[in-house]
Structures are given as C-alpha cells and as structure tokens.
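Student: Right, I'll just put the structure down here and ask away after.
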Amino acid sequence: MEQKRPRRNVVRIKDIAKKANVSTGTVDRVLHNRGRVSDEVKQRVQTIAKELNYEPNMLARALVSQKEFNIAALIPDAALDEFWDGPIRGIAKAESELAQYGVTVTYHIFNQFEVESFKKEAKVVTEGNYDGILVAPVFYRESLAYLNEWKRQDIPFNLFNTHIPNYDPLSYIGQDSYQSGVVAAKLLHYGFTGTEPVSFVVAHIDEDVPNSSHLIRKEQGFMDYFKEQEDKFNLMRLELQNSSDKAAFYKKLDQLLIDVPSIIGFFVTNSKAYTIAEYLKKRKDKKLRLVGYDLLQKNLTFLNEGVINFLINQNPKGQGYFGVHFLIDHLLFKKKVQPIKYLPLDIITKENLHYYVESEI
C-alpha cells in the first residue's frame with residue numbers, strides 16, 4: 001500500500017515573529033541583516049529561528065533582488081577551433097535560464113594559439129569589475145598570475161576543460177584527464193590477441209604540450225595503463241602540426257609508419273582525431289585503430305565511416321553550462337558548490353552516436 005510522506009512544516013517569518021513577540025518587519029531586518037535592531041531582540045530572533053529550523057526561501061529572495069550579476073567568460077575563439085562552440089552554447093543556455101535573476105555574461109574571446117591574445121583578454125577581465133569569472137586556462141603558465149590576482153581581489157572563478165589545482169577556484173568542471181587517458185588506452189588495447197610486439201602512438205596535434213597540463217595528464221594515464229599490462233608494448237609520443245602544413249603533416253606520418261611498422265593504433269589527445277582519420281582514409285588503411293575526443297562534425301563523419309573507432313565525449317556544452325550555474329549558485333543562492341565536477345567519460349561509437357547527438361545537457 002502506498003504511504004504518503006508526512007507534510008513538512010514550513011516555518012514562516014510570522015511564526016518567528018509571534019514566538020519572539022516582535023513584528024514581522026523586525027524579524028525580516030534581523031534575518032537579512034538590514035536596519036537597526038537592538039542586540040537583545042536580534043539575539044532572541046536568531047535563537048528562535050534556529051530552534052524552529054527556519055530556512056530562507058532563496059528563490060524568492062533572488063526574484064526580488066535588485067542586484068545584477070555580470071559574469072566574464074574567458075574562452076578560446078570557436079572560429080579557430082570548433083570544439084569551443086560547445087562551451088559557448090552551454091554558457092548561452094545557462095545565461096538564458098538565469099536572466100530572470102539579473103545574470104548577464106560578457107564574452108572575452110582569445111586566440112588559443114597565441115599566448116599574447118590570452119594575456120590581453122585576461123587583463124581586460126581583471127580590470128572589468130566582474131562578479132565572477134569562468135575561464136578555460138589553456139595556457140597553463142600564463143594563467144597562474146591571473147588566478148592569483150582574482151583570488152587576491154576575492155573574485156570567485158571557475159575553471160573548465162583544464163584543471164589547475166592549488167589555486168582555489170570555486171570549482172573545476174570537466175573530465176578527469178588522467179582517467180580519460182586510461183580509458184583511451186583500454187579502448188585501443190581491447191580485443192588485442194596478437195603475440196608479436198606492437199606499438200601505440202600518443203599524438204598531440206596543434207598543441208603547446210608543455211604548457212597544457214590536461215594533455216600531459218591524458219598522456220600519463222595512457223602510458224600508466226600499458227605499464228600495468230603483462231604484455232610488452234612499445235609506446236610513442238608525437239607532436240604534430242597539421243594546421244600550418246598538411247603536406248608536411250602527411251609526410252611525417254608516412255615516415256613514421258615506415259620506420260615503425262609495428263604501429264597498430266593512435267590516440268589523439270584533443271578534438272582533432274579527424275586529421276589522422278583523413279590521412280588513414282587517403283592511404284586506405286583500415287587496420288590502424290584510432291581513438292580521439294569530441295563530437296565535432298568532422299570526427300562524426302569518420303566515426304560513421306569506421307575510420308575512427310571510438311570518441312570520448314568531453315561534453316563541452318556541459319562544461320560551459322555548469323560553469324555559469326555554479327558561479328550563480330555561490331553568488332546569488334549562497335549554495336555550497338562542489339569543488340570538482342567531473343563529467344562522465346562517455347564512450348561513443350557509430351552505434352550509439354545518435355543518442356548523444358540528440359541529447360541535451
């Protein structure tokens with residue numbers, strides 16, 4: 001038999017006022033710390049509120065708040081890399097949902113391939129008198145000074161996509177980079193039954209790897225997985241530039257496969273698995289395995305064609321969406337925000353792809 005839950009007694013301001021023998025206006029002034037109230041009355045109201053387990057209606061308070069909250073989003077240019085369109089769409093969705101509370105987002109777009117572009121926009125953000133900051137700190141070293149300055153100014157900031165611990169962000173939103181590297185290794189290793197020594201390649205494409213902590217963590221997770229296997233594998237790392245010279249890019253891959261014929265798989269550490277896929281399709285090589293990240297249209301094409309075997313979805317839209325919401329949870333609703341929100345390591349194949357393409361946050 002279905003049982004009804006007992007109704008929870010909602011404690012109202014007038015209940016506290018009645019028990020404290022004061023007006024509701026006095027209780028309101030005490031609870032919201034505004035106006036003049038004697039210390040004796042203030043103490044009595046606070047004690048009774050605590051005894052009655054009074055919980056303020058944060059939603060109602062927010063609706064009547066006259067304060068506006070301006071958030072800065074410091075984010076790479078999606079016109080230069082399609083990946084960043086996801087976080088921007090997530091930020092826009094969060095801003096739309098929170099507009100009724102006076103929340104606006106100002107975008108500060110920088111070129112992820114030019115460190116001076118990042119520093120210029122970060123300086124503008126620092127001088128902009130924002131209530132909160134959402135940042136993708138893709139330039140690790142250059143980000144640290146700004147994180148310290150925002151901390152000094154007591155401006156809450158959220159990091160997304162790249163985790164930089166020990167700098168007291170309000171929260172980090174994104175994947176566990178190390179574990180995603182482990183997953184990528186397991187996907188390439190899965191089903192391998194050969195007895196001959198084979199090689200796997202960790203490919204960093206169009207990246208400043210020494211200045212990208214999340215890529216280093218992915219690579220470390222990948223390497224550590226294979227170190228724990230009984231079989232011996234040859235692991236290689238490769239830094240490639242596709243955007244500047246595609247002919248040179250292909251030539252380097254040609255030479256690699258000649259020099260190391262035991263290569264059976266590539267792990268691309270960012271969203272550019274399609275660059276390797278284009279090469280494999282051109283040489284009509286269906287034996288090499290390929291694992292990468294993100295549901296970019298170019299990646300999806302090669303996933304459907306079977307050239308890319310697996311994609312790990314980093315949910316970039318969710319990164320931007322939760323990044324804004326967590327700032328407002330802290331600033332407006334006074335909620336405790338979880339310091340790390342790891343997003344799921346979704347493994348995408350051509351068979352389950354449509355569920356993710358059609359889904360929202």
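The values are calculated or read from the model by the stated rules, or taken from the named source; none is laboratory data. Everything quoted here is computed from the prediction, not taken from an experiment. In this analysis, Cβ positions are derived from the backbone assuming ideal geometry, glycine residues included, and neighbour counts consider all displayed protein chains. Please note that ligands, DNA and RNA were not included when accessible areas were found on the heavy atoms of the full protein model with its side chains. Shrake-Rupley method; radii C 1.70, N 1.55, O 1.52, S 1.80 Å.
Student: Consider Pro169 carefully, then state whether it is within 20 Å of the chain's Cα centre (by Cα) and open to solvent by 10 Å² or more (accessible area, probe 1.4 Å).
Tutor: yes
Student: Those residues that are in a helix (DSSP H, G or I) and of a type in the set (A, V, I, L, M), I need them from the stretch 237-262; list them, please.
Tutor: Ala247, Ala248, Leu253, Leu256, Leu257, Ile258, listed by residue number.
Student: Which residue, of Phe267, Phe310, Phe333, is aromatic (Phe, Trp, Tyr) and under 21 Å from Glu239 (Cβ atoms)?
Tutor: Step by step, each of Phe267, Phe310, Phe333 is checked, and only Phe267 is aromatic (Phe, Trp, Tyr) and under 21 Å from Glu239 (Cβ atoms).
Student: Select from the stretch 195-204 the residues that are in contact (Cβ under 8 Å) with a residue 24 or more places away in the chain and either open to solvent by 10 Å² or more (accessible area, probe 1.4 Å) or in contact with a Pro (Cβ under 6 Å, 6 or more places away or on another chain) (or both) and list them in ascending order. I'd like the intermediate steps shown before the answer.
Tutor: Filtering the stretch 195-204 down to residues in contact (Cβ under 8 Å) with a residue 24 or more places away in the chain leaves 196-204.
Listed by number, the residues that qualify are Glu196, Pro197, Val198.
Student: Continuing with the same structure: Among the β-branched types (Val, Ile, Thr), crowded, with 16+ Cβ neighbours inside 10 Å and at pLDDT 90 or above: is that true of Ile75 in this structure?
Tutor: Criteria met by Ile75.
Student: Kindly evaluate Tyr225 against the criterion of being in a helix (DSSP H, G or I), open to solvent by 20 Å² or more (accessible area, probe 1.4 Å), farther than 14 Å from Phe200 by Cα and touching a residue at least 24 places away in the same chain (Cβ under 8 Å).
Tutor: Against the criterion (in a helix (DSSP H, G or I), open to solvent by 20 Å² or more (accessible area, probe 1.4 Å), farther than 14 Å from Phe200 by Cα and touching a residue at least 24 places away in the same chain (Cβ under 8 Å)), Tyr225 does not qualify.
Student: Within the group Phe139, Phe157, Phe113, which residue is open to solvent by 50 Å² or more (accessible area, probe 1.4 Å) and either within 20 Å of the chain's Cα centre (by Cα) or under 26 Å from Ile340 (Cα atoms) (or both)?
Tutor: Phe113
Student: Report every pair of residues separated by at least 6 positions or lying on different chains whose Cβ atoms are under 6 Å apart, first residue within the stretch 21-36 and at pLDDT 80 or above, second outside any loop (DSSP other than H, G, I, E, B) and charged (D, E, K, R).
Tutor: Filtered contacts from the stretch 21-36: Thr24/Lys14; Val30/Lys42.
Student: (1) assigned to a helix (DSSP H, G or I); (2) closer than 30 Å to Ile263 by Cβ; (3) in contact with an Asp or Glu (Cβ under 7 Å, 6 or more places away or on another chain): which one isn't true of Val324, the others all being true?
Tutor: (2)
Student: Of (1) in contact with a Lys or Arg (Cβ under 7 Å, 6 or more places away or on another chain); (2) part of a helix (DSSP H, G or I); (3) open to solvent by less than 70 Å² (accessible area, probe 1.4 Å), Val37 satisfies all except one. Which?
Tutor: Result: Val37 passes all but (2).
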